[in-house]
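See structure below.
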Amino acid sequence: MRERHRSVSSVGKGLEKVEVRLRWDPSSWDQPPHHLDIMAATYSVDDPYGRPAYVVHTESRSPDGTINMSRHSETGQGFGFVEVMVLELDRLAPSFARVVVGVAIHQTGGHKTFGDLTNTGVVVVQAYRELLNDDFTRVAGSTAATVAEFARDSSGVWEFHERIRGFDCDPVAFSAEMGSVRHP
């Protein structure tokens, strides 16, 4: 599976508050709804590729309120981006080294991949600056995919790294695996 890496180096004080926005078309009237979720896993400085310190998804928020879902859909119905996660990176404790963001498809209506869905898209923005815009075609055969990694540089400034990588697992397994991959 191909993986594309694109980094956005920090400018000034780096990334502060970013949004991850997700869209997909609803299923046809005679099919069960397509339910996708944005997920964010945080990793500590002590174990940046181990188990996540915590995972935020489905209308949950981080214990300190720095990562939360501001919009959630279980069907894809609505206009534009129907699910939005806000990450206030500048407020995260210094004990966190990385945050990995991904999207998982719930498999309750039968096995579905990104290729089975229409009009899928994810956008990552900081204010008016677009950091990522992807439609999941590179991971069409996957049921989940990482899309972004936010990592602190040596001076503690948050940087964005595009991390489009497909997984074939359910949301629970994905949340445990999504940040375990090391990148050069």
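Expressed as a whole percent, the accessible area of the chain that falls on carbon and sulfur atoms is 48 (1.4 Å probe).
For region 97-184, the alpha carbon convex hull comes to 108 Å³ per residue, rounded to a whole number.
The mean sequence distance of close C-alpha pairs (under 8 Å, at least 6 residues apart), as a share of the length of the chain, puts its relative contact order at 30 percent. Each label point was placed 7 Å from the Cα along the Cα-to-Cβ direction; for residue 88 and residue 108 their separation is 3.0 nm.
Whole number in Å², please: accessible area per residue of region 15-56, 1.4 Å probe, ligands, DNA and RNA not counted.
Numbers: 2010 Å² over 42 residues.
Heavy-atom accessible area per residue stands at 48 Å².
Considering only protein heavy atoms, what per residue accessible area in square angstrom results for region 88-142 with a 1.4 angstrom probe? Don't jump to the answer; show the numbers that get you there.
Details: 2350 Å² over 55 residues.
Spelled out: the 1.4 Å probe surface of region 88-142, per residue, equals 43 Å².
Between residue 137 and residue 168, the distance separating the two model label sites (each 7 Å from Cα on the Cα→Cβ line) works out to 2.2 nm. Looking at (1) 53, 30, 30; (2) 67, 40, 28; (3) 57, 37, 29, which value of Cα extents along the principal axes in Å comes from a calculation on the structure shown? Matching entry in (1) 53, 30, 30; (2) 67, 40, 28; (3) 57, 37, 29: (1).
Just to verify a number: FRET efficiency for residue 155 and residue 49, C-beta to C-beta distance, R0 = 35 Å, to 0.05? It would help to have the intermediate numbers written out before the result.
Values: r = 21 Å, r/R0 = 0.60.
Using R0 = 35 Å, I get an efficiency of 0.95.
Here the label points at residue 119 and residue 68, each 7 Å from Cα along the C-beta direction, are separated by 2.9 nm in the simple model.
The values are calculated or read from the model by the stated rules, or taken from the named source; none is laboratory data. These figures come from a predicted structure and were not determined experimentally. In this analysis, Cβ positions are derived from the backbone assuming ideal geometry, glycine residues included, and neighbour counts consider all displayed protein chains. Accessible surface is based on the protein model in full, side chains and every heavy atom, while ligands, DNA and RNA are left aside. Shrake-Rupley method; radii C 1.70, N 1.55, O 1.52, S 1.80 Å.
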